[in-house]
Each structure stands twice: as C-alpha cells, then as structure tokens.
Amino acid sequence: MTEETLEELGDKIVRVLKTIYDPEIPVDIYELGLIYDVFVSEENDAKILMTLTSPNCPVAETLPVEVEEKVKTLKEINECEVEITFDPTWTQDMMSEEAKLELGLL
C-alpha cells in the first residue's frame with residue numbers, strides 16, 4: 001500500500017471519527033481533541049490512541065467500543081484497536097477552534 005493510500009485511509013478514519021459524539025458535549029470526539037493518534041498498518045489494521053474527558057467519564061466503557069465498531073465499518077479496514085490513555089490528560093485547550101466556538105468558549 002502506498003503512503004498516499006495510507007494517508008487517504010487515515011482521512012477516511014477521521015471522517016468516521018467526526019460522526020461520533022460525546023453524549024455530554026454536543027461536539028464530535030475528533031474536534032473535542034479526544035483522538036491523539038490514528039495509525040494504519042500495511043495490513044490495513046487501524047489503531048486509535050484516544051483519551052476521555054475524564055477517567056470517570058460515563059461513556060468510558062462504551063465510547064471506545066463505538067469508535068472501534070464504526071472504524072471497522074470502512075471496507076478497507078480489517079481490524080481496529082482502540083487504546084485509551086490519560087497521558088497527557090485531556091484539557092479544553094485540546095479542542096479545535098470549531099469546538100470552542102460551538103461551546104461558547106471563544
């Protein structure tokens with residue numbers, strides 16, 4: 001797989017991630033800054049490194065599963081693994097300008 005194709009696949013994954021919303025905040029998880037990294041292997045396996053707004057987040061059990069399931073709906077993706085990290089800890093500074101505007105923080 002060429003680097004360009006991997007990049008296109010990464011973009012597709014980001015588009016899928018932008019359809020997933022934190023139930024407590026009306027902004028998608030990508031714009032919220034919860035996605036730290038997206039990796040795609042030569043075998044078309046995806047790995048998503050993400051965080052939650054807090055370790056006690058009510059969707060801690062369900063959100064990673066939703067991310068995994070939605071990314072696996074892409075026909076090019078074989079497997080998807082979601083890894084949760086709290087390093088670095090999420091802060092509002094990680095949100096995009098769009099998310100800050102949406103939430104009235106700008």
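Values for this structure:
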| item | result |
| --- | --- |
| Global size of segment 11-106 as Cα Rg and Dmax, reported in angstrom | 13.1, 42 |
| Net lengthening on full extension, residue 97/residue 81 (0.36 nm per residue, minus Cα-Cα) | 3.0 nm |
| Computed accessible area, residue 54, all protein chains, 1.4 angstrom probe, square angstrom | 40 Å² |
| Relative contact order (%) - the chain, alpha-carbon pairs under 8 angstrom, separation at least six | 28 percent |
| Protein-only accessible surface order, largest first, of 35, 84, 13 at 1.4 Å | 84, 35, 13 |
| GNM result for the chain, Cα springs below 10 Å: residue of 23, 64, 88 fluctuating most strongly | 88 |
| Accessible area of segment 1-101 belonging to carbon and sulfur atoms, whole % at 1.4 Å probe | 49 percent |
| Computed label-point distance, nm, for sites residue 60 and residue 15 using a 7 Å Cα→Cβ extension | 3.4 nm |
| Neighbourhood net charge (12 Å Cβ-Cβ; Lys/Arg +1, Asp/Glu -1) for residue 25 | -4 |
| Fraction of beta bridges assigned by DSSP in the chain that are antiparallel (%, nearest 5) | 55 percent |
| Accessible area (Å², 1.4 Å probe, nearest 10) - residue 69 | 110 Å² |
| Segment 1-57, accessible area per residue, ligands and nucleic acids excluded (1.4 Å, Å²) | 52 Å² |
| Charge sum, other residues only, whose C-beta stays under 12 Å from residue 83's C-beta, Lys/Arg counted +1 and Asp/Glu -1 | -3 |
| Gaussian network model of the chain, springs between alpha carbon atoms under 10 Å - residue of 76, 42, 66 with greatest fluctuation | 42 |
| Under 30 Å from the Cα of residue 100 - lysines, other chains or at least 8 residues apart | 12, 18, 47, 70, 72 |
| Diffusion coefficient, µm² s⁻¹, Stokes-Einstein with Kirkwood Rh over alpha-carbon pairs of segment 63-106 at 10 °C and 1.306 mPa s | 123 µm²/s |
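The values are calculated or read from the model by the stated rules, or taken from the named source; none is laboratory data. Quick caveat, the model's predicted, so the values are computed rather than measured. So basically every Cβ, Gly included, is an ideal-geometry build from the backbone, and we count neighbours across all protein chains shown. Please note that ligands, DNA and RNA were not included when accessible areas were found on the heavy atoms of the full protein model with its side chains. Shrake-Rupley method; radii C 1.70, N 1.55, O 1.52, S 1.80 Å.
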